[in-house]
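The values are calculated or read from the model by the stated rules, or taken from the named source; none is laboratory data. These numbers come from a predicted model, not from an experiment. Counting neighbours? That spans all protein chains shown, and the Cβs are built from the backbone with ideal geometry, glycine included.
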Amino acid sequence: MLTVVTRPVRVRAPAKVNLHLAVGDLRADGYHDLTTVFHALSLVDDVSVVSAPSMSVTVRGDDAASVPVDSGNLAWRAAVMVAEAVGRAPGVAITIDKGIPVAGGMAGGSADAAATLVALDELWELGLSRAEIMGFAARLGSDVPFSVAGGTAVGTGRGEKLLPVLSRNTFHWVLALAKDGLSTPSVYRELDRLRERGTPPRAGDPDELMQALASGDPTRVGPLLVNDLQAAALSLRPDLRRTLRAGIDAGAIAGIVSGSGPTCAFLCASADDAVEVGAELSGAGVCRTVRVASGPVPGARVTRDERGRS
Ligand SMILES: C[C@@](CO)(OP(=O)(O)O)[C@H](O)COP(=O)(O)OP(=O)(O)OC[C@H]1O[C@@H](n2ccc(N)nc2=O)[C@H](O)[C@@H]1O
Ligand SMILES: Nc1ncnc2c1ncn2[C@@H]1O[C@H](COP(=O)(O)OP(=O)(O)O)[C@@H](O)[C@H]1O
């Protein structure tokens, strides 16, 4: 007989920043080959999934209004994909507590999709292998496998082929969240346009960054942060230059646009420095709001209470 778990399964999934993002030329399938170093941050979404007569998604938090609650939601798509694969009706109610900025270049939708995959594996007692979860993840989006994996990892292909990176210590970050999001496809398109008109610099390979991460020294990591999409994000949102400058003026070691932006991520020397940089940046009037976070943190995983229940 099929066992059905009726209590909600809760999963926490992290945001990411790309410490290194080298973008290749546009491929025939509309994607770009990447070499990227993903780093998972303690800015998280909490996703709860429970059995229900039909599919639904509820989103809570400051950015909730801009998130679709139908089949446009990546968590919904994740549930339908798994249900079809295992031959079940996709009857689940998904509740997302959003801590990750929406359309901020921090993989918030991917985090929710990853969380839903992990939650359904437990809720429906599927016993999926890691490879099966990663297979679903890669079909849902280029960033979703990393949201499952967490930590620090090199991504190649579309970003979905992952290898873990040795990184020592915890790094401390300040994130400057922007008022409006940026669409990922339009930032990639803008980079293609800039490359047709000129030769914006291209990131090399991340070898030196990997050594710096292994040393655990943020002053070595900072100067090696690089993002090929930054020129495109700044071209679409020139105001971000002020944000980046303000973070450095406030005492950060380095600042970078996170992925396709518009969130700016600032690496700081210590947890105390991050709090100070965050306070100063928040008073500078160059962003909607500021968050302090650290990394690396684990990927999507079930959270349990003191009695071991999820
Ligand atoms: C830029 C990055 C950097 O990590 O993250 P975000 O800033 O969006 O969080 C990723 O490449 C975003 O990954 P993700 O958001 O999962 O993208 P997908 O859903 O797979 O693709 C959305 C669109 O982005 C473009 N795209 C994405 C990945 C890739 N390697 N090349 C691309 O050109 C394509 O136009 C694609 O149609
Ligand atoms: N669960 C979700 N959370 C946030 N956005 C989502 C979600 N599902 C679908 N979306 C859509 O994906 C777009 C990109 O969102 P997000 O993943 O937060 O940003 P990014 O691609 O910059 O990392 C949003 O504008 C929204 O329309």
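If only residues of the stretch 178-211 that are acidic (D, E) and within 17 Å of R158 (Cα to Cα) are counted, the one that is nearest to ligand 2 (Cβ to nearest atom) is D192.
Of note, S110 does not satisfy the criterion of being within 26 Å of A178 (Cα to Cα), more than 16 Å from ligand 1 (Cβ to nearest atom) and not charged (D, E, K, R). Being within 10 Å of ligand 1 (Cβ to nearest atom), in contact with a Ser or Thr (Cβ under 9 Å, 6 or more places away or on another chain) and outside the structural domain of H39 (by TED's automatic domain parsing) holds for only one residue in L191, L140, and it is L191. Taking the listed residues D29, D45, D25, the one that is of a type in the set (D, E), within 16 Å of ligand 1 (Cβ to nearest atom) and modelled with pLDDT under 95 is D25, with no other qualifying. A count restricted to the stretch 33-58 and to residues that are closer than 22 Å to L177 by Cβ and acidic (D, E) stands at 2. Of all the numbered requirements in (1) farther than 18 Å from T303 by Cβ; (2) within 16 Å of ligand 1 (Cβ to nearest atom); (3) in contact (Cβ under 8 Å) with a residue 40 or more places away in the chain; (4) among the polar types (S, T, N, Q), S51 misses one, and that requirement is (2).
This table checks each residue for (1) touching a residue at least 40 places away in the same chain (Cβ under 8 Å); (2) within 16 Å of ligand 1 (Cβ to nearest atom); (3) within 28 Å of K179 (Cβ to Cβ).
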site: R60; (1), (2), (3): no, no, yes
site: P68; (1), (2), (3): no, yes, yes
site: A75; (1), (2), (3): yes, yes, yes
site: V82; (1), (2), (3): yes, no, no
site: A114; (1), (2), (3): yes, yes, yes
site: A131; (1), (2), (3): no, no, no
site: P145; (1), (2), (3): no, yes, no
site: V154; (1), (2), (3): yes, yes, no
site: G157; (1), (2), (3): yes, yes, no
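Checking each residue in the stretch 286-305 for being in a loop (DSSP other than H, G, I, E, B) and either exposed (fewer than 13 other Cβ atoms within 10 Å of the Cβ) or among the hydroxyl-bearing types (S, T, Y) (or both) picks out T303, R304, D305. In the stretch 1-108, counting only strands (runs of 3 or more DSSP E) that sit wholly within it, the ones holding 3 or more residues that are over 18 Å from P145 (Cβ atoms) and away from ligand 2 (no atom under 12 Å from the Cβ) span 9-26, 32-51.
Taken over the stretch 202-218, the criterion of being surrounded by fewer than 17 Cβ atoms within 10 Å (Cβ to Cβ) and in contact with a strand residue (DSSP E or B) (Cβ under 9 Å, 6 or more places away or on another chain) is satisfied by R202, G204, D205, G216. The selection criterion, being loosely packed, with under 14 Cβ neighbours inside 10 Å, assigned by TED's automatic domain parsing to the domain that holds D217 and of a type outside the set (A, V, I, L, M), does not hold for G308. Of the residues screened, G155 is not one that is buried (at least 24 other Cβ atoms within 10 Å of the Cβ), on the phi > 0 side of the Ramachandran plot and under 14 Å from the mean Cα position of the chain (by Cα). Residues in the stretch 43-60 that are among the hydroxyl-bearing types (S, T, Y) and either buried (at least 19 other Cβ atoms within 10 Å of the Cβ) or under 20 Å from E122 (Cβ atoms) (or both): S48, S51, S56, T58.
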